[in-house]
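The values are calculated or read from the model by the stated rules, or taken from the named source; none is laboratory data. Not measured: the values here are computed from a predicted model. Heads up, the Cβs are rebuilt from the backbone with ideal geometry, glycines too, and the neighbour counts pull from every protein chain shown. Only protein heavy atoms, including side chains, enter the accessible area calculation; ligands, DNA and RNA are left aside. Shrake-Rupley method; radii C 1.70, N 1.55, O 1.52, S 1.80 Å.
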Amino acid sequence: MKIFNSLQNFLLAFGLSCILFGIYFLVSFSVKGTTGLSVFLRFMCLSGFGMVILFFSIACFKNYLLIFVGTNLVFFGILALIIDTNVSGLKLNELWPFLVVSSGLSLLPAGLYRTKRIKSVYLFPGIALLFSGLFLLPFSLHIVGLSFKKFASIAFPIIIILLGLILVIVFFYQQTHQKNFPYMNDDSEMENRGSEGDK
């Protein structure tokens, strides 16, 4: 294939393959006994396919959405491998917040690849997903004695009240400092104005 004629693309493919097999061997060698073919195939179907998507999105398509999907699939495959090998002794109903964390972690490199710098439009949702997953994790692992349903029934009304207060404060602040108010314009609009000013 012509795509592998480039040394850079070959190095990328070889590097992603090394990461993929390194993760598999790291987890499988931590388990007593053999992991089995079904475990390997499930891991390769998720993480392997994710690495293939990552390779083509970086080397050919230059698509940030595919980077997000590929990175997520790699994380899903790692989570499936951890559950299948029982290396942690935890099941999916306890580890599911890691899926939310992986979505946040996948959004950050995808946004960075698209814009070539950190932008709030990708940074804030990525951090929000990351902290949401980390927040839910103690409840799913039963570290917190209180159930999430009970906690939500107490915290949810308080969160709504705080959100309302913040929005009212933002409204009044915007009325008095409209020109200096942050995030009123998209970053791309500010860049276009700057380039027009340079001309």
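Of all the residues in the stretch 57-89, those that are open to solvent by 30 Å² or more (accessible area, probe 1.4 Å), in contact with a Lys or Arg (Cβ under 7 Å, 6 or more places away or on another chain), within 21 Å of LEU26 (Cβ to Cβ) and in contact (Cβ under 8 Å) with a residue 24 or more places away in the chain number 1. Residue check: PHE21 meets all listed conditions (1) under 30 Å from LYS116 (Cα atoms); (2) at pLDDT below 90; (3) open to solvent by 40 Å² or more (accessible area, probe 1.4 Å) but one, namely (2). Considered as a group, the residues in the stretch 90-130 that are touching a residue at least 40 places away in the same chain (Cβ under 8 Å) and open to solvent by 50 Å² or more (accessible area, probe 1.4 Å) include one that is farthest from the chain's Cα centre (by Cα), and that residue is ASN93.
Among the conditions (1) more than 26 Å from LEU105 (Cβ to Cβ); (2) open to solvent by less than 90 Å² (accessible area, probe 1.4 Å); (3) among the aliphatic types (A, V, I, L, M); (4) at pLDDT 75 or above, the only one that MET184 does not satisfy is (4). Exactly one residue among GLY133, GLY164 is surrounded by 14 or more Cβ atoms within 10 Å (Cβ to Cβ), modelled with pLDDT of 85 or more and either of a type in the set (Gly, Ala, Ser) or in contact with a Leu (Cβ under 7 Å, 6 or more places away or on another chain) (or both), and that residue is GLY133.
Could we say that LEU54 is surrounded by 13 or more Cβ atoms within 10 Å (Cβ to Cβ), farther than 24 Å from PHE131 by Cα and at pLDDT 90 or above here? Yes: the conditions hold for LEU54.
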